[in-house]
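Have a look at the structure below, then the notes.
The values are calculated or read from the model by the stated rules, or taken from the named source; none is laboratory data. The structure presented is a predicted model; accordingly, all values stated were derived computationally and were not measured. Note that we place each Cβ from the backbone using ideal geometry, even for glycine, and neighbour counts take in every protein chain shown.
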Amino acid sequence: HRRLELFPEYSVTQMLFTDVKNAAALRKSAMEGQINGALINPAMLVDPFQALVAANKAVHLQKAGKMKTRSLLSEIIFNLSPTNNISEAFRRFGMSDGDGAVHVVTVHPREDMSDVDTILARVEGRQVPVGEISTFTDVPGIKKLYKVTPSEEKCGSLLEAVVCRMAVKDVV
Amino acid sequence: MASDRSDSAAPLLAGCALWKQGAEARIYRGKFLGRAAVVKHRFPKRYRHPQLDEKLTRRRTVQEARAALRCRKAGISVPVVYFVDYTTHCIFMEDLVGSITVRDHIVTTQQSGDNPESLGGLADEMGRILAKMHDEDVIHGDLTTSNMLLRNGSEGPGADLVLIDFGLSYTSALPEDKGVDMYVLEKAFLSTHPNTESLFQQLLNSYTAASKKAPAVIKKLDEVRLRGRKRSMVG
């Protein structure tokens, strides 16, 4: 759980689940607005910080009325992508019906954990600590998708390469 | 009259402490999602026409963000950009805690009367990094020793140089532009650090050794030196 410094009335909570049995049903619930959580494919995440950055930007854009997608949750998923193609972002970063693992990011009012409880109740799977995300990370896949160069890896971590692209993609 | 736009950045900057104020921007230090961060806020300039100010400020912010990514892709160390607010023109980036500017390092080294040859390694590294940058066709636009940082603890051999302040940067393959970039650095270097002509020459030698395109750039640099101070298009 982390409070967004820039938007102190909100908190971002992340949860990671494996052995998920009801992926398709979860996706349907999310799309129907019954769960307040962005369902992300954990293979595309390097570190929880990456999801935090995406959520921070989404909240910022929502407040400014400048989101590119239609909801805060879809904006979080879109922000993860290094490109400005929305459907591609959903396809690659969003959870698929056949997935066995999911990373859920939810933005909620600071003290109000009801959305988190709803998610915990609905996911049929085993929750693992968010810090273990690296066991799911598809490093070669991420390097390829974000087009990380070998020289870039010398001057920073993969997480830094990813976060930088997320911050700059609107103007590049 | 336009409302005071520098106030619109206030909520964003609430948790941060003002660190430096320049003519162009204010630099704050704070936390971004738990990480030590620097916020560069290009505040509105009321002496400018508002529409022009908005355009210029936005352009500088955008150029800085773009250059950061292009440099990283080429393996040049620049601070990681975490988040850019294009409405208030704030850039949230990595805070290189404990770093010092190359300017301060040179000044300290000269003042303490230490072996000036230790600066040779630094000159070599500067030449190498600038060669890499120009090979990427990135023109910094404002090269000075204050715009180069040494990561904490790396003052000795194996200096870990980080370039900053890319607001005036642009893309160009022309040796003329690269030559001017180096000329700006030479002027800043020699005026800030007395008796460093040979050190700067060492930097140029390292630059030449590191880039195949260097001879053309050095040639232009010589031409520019003979002409006198060349003005670029942005005032």
Among the residues of region A:54-74, how many are over 15 Å from A:His108 (Cα atoms) and surrounded by fewer than 17 Cβ atoms within 10 Å (Cβ to Cβ)? 5
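May I ask you to verify whether B:Asp114 is modelled with pLDDT under 90 and farther than 16 Å from B:Ile76 by Cβ?
Working: modelled with pLDDT under 90: yes; farther than 16 Å from B:Ile76 by Cβ: yes.
Yes, satisfied.
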So which residues in region B:79-118 are farther than 30 Å from A:Val163 by Cα, buried (at least 17 other Cβ atoms within 10 Å of the Cβ) and touching a residue at least 60 places away in the same chain (Cβ under 8 Å)? B:Ile106
Given (1) closer than 24 Å to B:Ala209 by Cα; (2) part of a helix (DSSP H, G or I); (3) at pLDDT below 95, identify the lone condition not met by B:Thr109. (1)
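I'd like to check something: does region A:19-29 contain any residue that is within 14 Å of chain B (Cβ to nearest Cβ), in contact with a strand residue (DSSP E or B) (Cβ under 7 Å, 6 or more places away or on another chain) and crowded, with 21+ Cβ neighbours inside 10 Å?
Here is the first cut: in region A:19-29, the residues within 14 Å of chain B (Cβ to nearest Cβ) are none.
No, there is no match, as no residue in region A:19-29 is within 14 Å of chain B (Cβ to nearest Cβ), in contact with a strand residue (DSSP E or B) (Cβ under 7 Å, 6 or more places away or on another chain) and crowded, with 21+ Cβ neighbours inside 10 Å.
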When A:Ile86 is run through (1) modelled with pLDDT of 90 or more; (2) β-branched (Val, Ile, Thr); (3) buried (at least 17 other Cβ atoms within 10 Å of the Cβ), the failure sits at (3)
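Restricting attention to region A:82-97, which residues are without any contact (Cβ under 8 Å) to a residue 24 or more places away in the chain and polar (S, T, N, Q)?
To start, the set of residues in region A:82-97 that are without any contact (Cβ under 8 Å) to a residue 24 or more places away in the chain comprises A:85-91.
Result: A:Asn85, A:Ser87.
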Being in contact (Cβ under 8 Å) with a residue 60 or more places away in the chain and either among the hydroxyl-bearing types (Ser, Thr, Tyr) or surrounded by 17 or more Cβ atoms within 10 Å (Cβ to Cβ) (or both) is the filter here; which residues of region A:5-18 pass it? A:Tyr10, A:Ser11, A:Val12, A:Thr13, A:Gln14, A:Met15, A:Leu16, A:Phe17, A:Thr18
Look through A:Val104, A:Val148, A:Val163 and report the one residue that is surrounded by 13 or more Cβ atoms within 10 Å (Cβ to Cβ), farther than 19 Å from A:Ala30 by Cβ and under 15 Å from the mean Cα position of the chain (by Cα). A:Val163
Would a scan of region A:106-128 turn up a residue that is out of contact with any Asp or Glu (no Cβ under 9 Å at 6 or more places or on another chain) and of a type in the set (Lys, Arg)? yes
Among the residues of region B:127-147, is any outside any helix (DSSP H, G or I), at pLDDT below 95 and more than 27 Å from A:Val171 (Cα to Cα)? no
Scan region A:35-78 residue by residue and report those that are assigned to a helix (DSSP H, G or I), within 20 Å of A:Ser134 (Cα to Cα) and aliphatic (A, V, I, L, M). A:Ala43, A:Met44, A:Ala51, A:Leu52, A:Val53, A:Ala54, A:Ala55, A:Ile76, A:Ile77
Using beta carbons and a limit of 8 Å, which pairs, at least six apart or on different chains, have the first residue in region A:103-119 and over 22 Å from A:Ala43 (Cβ atoms) and the second one outside any strand (DSSP E or B) and β-branched (Val, Ile, Thr)? A:Val107/A:Val59; A:Val107/A:Ile76; A:His108/A:Val116; A:Asp115/A:Ile35; A:Thr118/A:Ile35
